[in-house]
Amino acid sequence: LKITKTLETDVLIVGAGIAGIKASHELVQKGVKVIITTKTTVVSGSSFFPLKASLGTQVTKDEADKNVFLSDIEAVSHGMHDRELARVYVEEIPKRVKEYQEIGIDATRLNGTRKACFANNERDIYLLRDWEAIRKRVKTIFSEYSNLQTIENCHVFSIVKKDNKIVGAFLINKSGEFVFVHCKTIILASGGFGSIYKHNLNPNDVDGSGHVLAFETGAKLVNMEFIQFIPGITSPNYKTLFGEQTLKYCEDLVDDEGKSILDSELPNDVNKREMLDIRSSHGPFTHSLESKYFDIAMMKRILQDKNEKGYRLLYNGKIYDNQEEFYTVYLEWLKEKGIDVVKDQVLIAPFAHASNGGVVIDSFGQTGVEGLFAIGELSAGVEGANRLGGNSTGSCMVFGKRAAMACYQYVQDNELSNVDPVIEFSKIQSSWDEQDGSYSPRQVIDEIRNLMWYYANVIRNEEGLTFALNEVERLREHYSIGNYMIDPNSRKGALKAKNYLSLATILLTAMKERKESRGAHFREDFSNESTEFNKRLYISQKNGKVEYKFNK
Ligand SMILES: Cc1cc2nc3c(=O)[nH]c(=O)nc-3n(C[C@H](O)[C@H](O)[C@H](O)COP(=O)(O)OP(=O)(O)OC[C@H]3O[C@@H](n4cnc5c(N)ncnc54)[C@H](O)[C@@H]3O)c2cc1C
């Protein structure tokens, strides 16, 4: 196998969601040479998920709100977030939200203040929407910079270090050819890993390949067991985002025969109406509130019946009388998709949505590997066991800017290192075994996505996690990546299968290690939060061995 091209730049940015776009823009304005890469197009990832009407960014109200905001984050995180990163977020987001305009995103403030998902207090929310218009504006802005090169439809698959310092990376371009990017530094902004789940609310390019890249390069991961699951619409329009606020007008959740699936799950002291009202205040599942029975009931039935069709919401007609913007924007958007929540049969099921954990960083996005930065959903920051709504988009802006500042300094202080791409490429190739492998990449990918959805979803237990881990091991034993790297058309799939094997093992093991329930992580067999686990789970590699350690 041969490298077809070598490119040279100061900074390689992996990812073109909000975080990658923000960091690129900051750097090119300062005259730094940047290559920005994406698996699809510029303006992609969860940031611009086509099946959602809008995204919100939560902003500190004023000086007095700073401590209140921090205590909101603290309450929601259950001790699992990074306090310094939260402090920086609360301090800097009011300035960063004004910079959306510079990168082509028209962020408009919602009328009045409102509580973001899980927030105890109201503050300003800025809405981002109209993905196509944003795409056009970003492309126009980027075209003004001759020091910026864009590579779309590519897959960055290996990072090269020399003397423990970043010197470049390999990617597969849209024709399936191998390209070496010789650079001083890399900013990973590759988003979350939702698509490792069969049913997810992410685009396919959000597949955790950045987590595997960072981990293989020596960065640490943390909080990987905390993943958000949101009810998503399975029918009449599969993979459409469900507006939890509508549950205020929902009477019940029923099966095919019209029988409530909630009744048998609710303890005697929990009232269904009150439970649904609480559930209407937050999108993702959490073990921390009584509304948990809504998602647990659904998942129990799914596991019992092996039913992926979802369950039907029974609405009352009054929902269309509510003229609040929060309702009208969502219901109008559903109407454009041909959905009337009262007239149509709307079915829902839990979908994977966002990762609260990720790569360990400092407040400048530095990973501890010289020259390697991580920002956006890929990194672990202000989110903990739960995620306060509206902080993820904002974090892309805050830490995108800070990583760019640190990266700029790094570029000034360092020369391009000498590296021989041919030698480096041959080292990578030697790790691609070509033994007998009976499973194709497609089979590995599909089986892992299925296992994750059933056994690493809202309900987790020792038996299910162990079964899934053993299955992943079986797939690994029967998969040989080398067989699929020869044909240019099968290379990206082959690498995805390899990444899924690594990532699934990490995720399932992390879920097994945390033998308690906390926030987004619910263990049926350890259903209480335990002070013994008031620690974050760090994952690192030492001498080729993966280590899982709880630490403060
Ligand atoms: C449906 C939905 C609703 C949400 N609502 C909100 C909300 O209201 N408020 C909020 O704050 N957050 C929300 N979030 C979360 C938030 O949108 C994301 O956390 C954030 O946008 C992630 O941005 P990012 O730039 O880090 O990554 P992404 O936007 O996911 O971008 C990732 C980029 O990396 C590229 N990439 C990945 N791997 C590679 C590779 N190996 N090589 C090259 N390119 C690669 C992808 O192609 C893509 O361009 C929501 C998420 C979803 C899915």
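Tally time: how many residues in region 44-90 are under 17 Å from the mean Cα position of the chain (by Cα), within 8 Å of the ligand (Cβ to nearest atom) and not basic (K, R)?
Matching residues across region 44-90 total 11.
Give me the pairs, please: first residue somewhere in region 204-216 and near the ligand (Cβ under 9 Å from one of its atoms), second residue anywhere and in a helix (DSSP H, G or I) and among the basic types (K, R), beta-carbon distance under 7 Å, and either six or more positions apart or on two chains.
Going by the 7 Å Cβ cut-off, the qualifying pairs are D207/K496.
Report whether or not A86 is touching a helix residue (DSSP H, G or I) at 6+ places or on another chain (Cβ under 9 Å), modelled with pLDDT under 95, farther than 24 Å from T38 by Cβ and of a type in the set (A, V, I, L, M). Steps first, answer last, please.
Working: touching a helix residue (DSSP H, G or I) at 6+ places or on another chain (Cβ under 9 Å): yes; modelled with pLDDT under 95: no; farther than 24 Å from T38 by Cβ: yes; of a type in the set (A, V, I, L, M): yes.
Taking the combined requirement at face value, the residue does not satisfy it.
Only one residue in G368, G357 is crowded, with 23+ Cβ neighbours inside 10 Å, in contact (Cβ under 8 Å) with a residue 12 or more places away in the chain, of a type in the set (G, A, S) and more than 9 Å from the ligand (Cβ to nearest atom), so which one is that?
Going through G368, G357 in turn, just one is crowded, with 23+ Cβ neighbours inside 10 Å, in contact (Cβ under 8 Å) with a residue 12 or more places away in the chain, of a type in the set (G, A, S) and more than 9 Å from the ligand (Cβ to nearest atom): G357.
Within region 80-103, track down each residue that is in contact (Cβ under 8 Å) with a residue 40 or more places away in the chain and either surrounded by fewer than 18 Cβ atoms within 10 Å (Cβ to Cβ) or within 28 Å of P50 (Cα to Cα) (or both).
Kept after step one, since they are in contact (Cβ under 8 Å) with a residue 40 or more places away in the chain, are these residues of region 80-103: 80-82, 84-86, 88-89, 92-93, 96-97, 99-100, 102-103.
The answer is E84, Y89, I93, R96, V97, E99, Y100, E102, I103.
Out of the residues in region 204-223 that are within 17 Å of T505 (Cβ to Cβ) and touching a Gly at 6+ places or on another chain (Cβ under 6 Å), which is surrounded by the most Cβ atoms within 10 Å (Cβ to Cβ)?
N223
Can you tell me how many residues within region 149-177 are surrounded by fewer than 21 Cβ atoms within 10 Å (Cβ to Cβ), closer than 24 Å to C396 by Cα and more than 24 Å from the chain's Cα centre (by Cα)?
Number of matching residues: 1.
Quick check on G31: is it among the small types (G, A, S), part of a loop (DSSP other than H, G, I, E, B), more than 16 Å from the ligand (Cβ to nearest atom) and out of contact with any Lys or Arg (no Cβ under 9 Å at 6 or more places or on another chain)? Show your work before the answer.
Values: among the small types (G, A, S): yes; part of a loop (DSSP other than H, G, I, E, B): yes; more than 16 Å from the ligand (Cβ to nearest atom): yes; out of contact with any Lys or Arg (no Cβ under 9 Å at 6 or more places or on another chain): yes.
Judged against the criteria, G31 is a match.
This table checks each residue for (1) assigned to a loop (DSSP other than H, G, I, E, B); (2) over 23 Å from F193 (Cβ atoms).
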site: S47; (1), (2): no, no
site: F69; (1), (2): no, yes
site: M80; (1), (2): yes, no
site: T108; (1), (2): no, yes
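Assigned to a loop (DSSP other than H, G, I, E, B), more than 9 Å from the ligand (Cβ to nearest atom), out of contact with any strand residue (DSSP E or B) (no Cβ under 7 Å at 6 or more places or on another chain) and at pLDDT 95 or above, is that true of S146?
Against the criterion (assigned to a loop (DSSP other than H, G, I, E, B), more than 9 Å from the ligand (Cβ to nearest atom), out of contact with any strand residue (DSSP E or B) (no Cβ under 7 Å at 6 or more places or on another chain) and at pLDDT 95 or above), S146 qualifies.
Inside region 1-27, can you point out the residues that are crowded, with 24+ Cβ neighbours inside 10 Å and either small (G, A, S) or more than 16 Å from the ligand (Cβ to nearest atom) (or both)?
If the condition is that a residue be crowded, with 24+ Cβ neighbours inside 10 Å and either small (G, A, S) or more than 16 Å from the ligand (Cβ to nearest atom) (or both), then G15, A16, G17, A19, G20, A23, S24 are the ones that fit.
Return the only residue of G482, G437, G464 being modelled with pLDDT under 95 and assigned to a helix (DSSP H, G or I). I'd like the intermediate steps shown before the answer.
Working: G437 fails: assigned to a helix (DSSP H, G or I); G464 fails: modelled with pLDDT under 95.
After ruling out the rest, the residue left standing is G482.
The values are calculated or read from the model by the stated rules, or taken from the named source; none is laboratory data. The shown structure was predicted, so the numbers you read here are calculated from the model rather than taken from an experiment. Positions of Cβ are generated from backbone atoms using ideal geometry, with glycine treated the same way; all protein chains shown enter the neighbour counts.
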